[in-house]
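Since every read-out is calculated from the coordinates, none of them should be taken as a lab result. Keep in mind that this is a model prediction, so the values were computed, not measured. Please note: Cβ atoms are built from the backbone with ideal geometry, for glycine as well, and neighbour counts cover all protein chains shown.
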Amino acid sequence: MKKKMIALLFVLALCLCAAVPAFAADGFADEYYRVNDLADLLTDSEEAALLQKLDEISQRQKMDVIVVTVNNLDGYDSAAEYADVVYEYCKYGYGDQKDGLLLLISMEERDWAISTCGYGITAFTDSGIEYIIDQIKPDLSDGNYVAAFDTYANLCDE
C-alpha cells in the first residue's frame, strides 16, 4: 500500500510538472504537454518536435495522443494499470468523454501499454493497438525511440 501511495504521489507530481496553463483555440481550456519523457529517451529537440506533432494531431483529430516514458512502474502491477492512472490523474482527454490514448513505456521492466478513453476505446480496438505495437516494437527494441514515437503518432493519425 505504501508503494502505491508513493507511486500515486509521483503521478500527481508528474501531472503538476507537465501542466502548462494557456487558453487555446479549438475548445482547449487548458493546454498541457502530450510528451512526458521522464526516462529521458529523447533529446530536447526530438521531444519538442514530437510534442508539436502530437499537439497538431490531437487538435485536428479532437482526441489526445500522448507519449509517456518512465524509468519503472513505481510499484504498479502492470504498465496498463500505470498508464490508466497517469491518464486519469493528469486529466488527459479531449472533450467531455476524455477522448484519447496514451502510450506508456517503462524502461526497467521493458514493458509498454496503451491506455484508451472515450472515443479512443472505439477507434483503437485491441487488434488496432496490437498492430500499432507490432509496428513500433522493432524500433523500441533497437533503442530508436524517435522513430518508434513518430510511427505511433502517424498510426494514431491514420
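Tabulated values for the structure
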| item | result |
| --- | --- |
| Spatially proximal aspartates and glutamates relative to K62 (Cα-Cα < 20 Å; intrachain offsets below 8 disregarded) | D26, D30, E31, D84, E88, D96, D99, D150, D157, E158 |
| Over the stretch 66-131, volume per residue of the alpha carbon convex hull, in Å³ | 78 Å³ |
| √(5λ) per eigenvalue of the Cα gyration tensor, the stretch 36-158, largest first, Å | 20, 17, 14 |
| Share of Cα-Cα pairs in the stretch 34-76 lying beyond 17 Å, as whole percent | 37 percent |
| At 0.692 mPa s and 37 °C, Stokes D of the stretch 94-158 from Kirkwood alpha-carbon radius, µm² per second | 267 µm²/s |
| Sorted peptide list for 66-78, 46-58, criterion being average Cβ within 10 angstrom, highest first | 66-78, 46-58 |
| In range of the label at N72: residues from the stretch 103-117 whose backbone nitrogen is under 13 Å from the point 7 Å along Cα→Cβ | 107-110 |
| Phi to ³J(HN,Hα) by Karplus 6.51 cos²θ - 1.76 cosθ + 1.60 over the stretch 45-61, Hz, x for Gly, Pro | 5, 5, 5, 5, 5, 5, 4, 4, 5, 5, 4, 5, 4, 4, 5, 5, 7 |
| Length added when fully stretched, D96-Y131, from 0.36 nm per residue minus Cα-Cα | 9.8 nm |
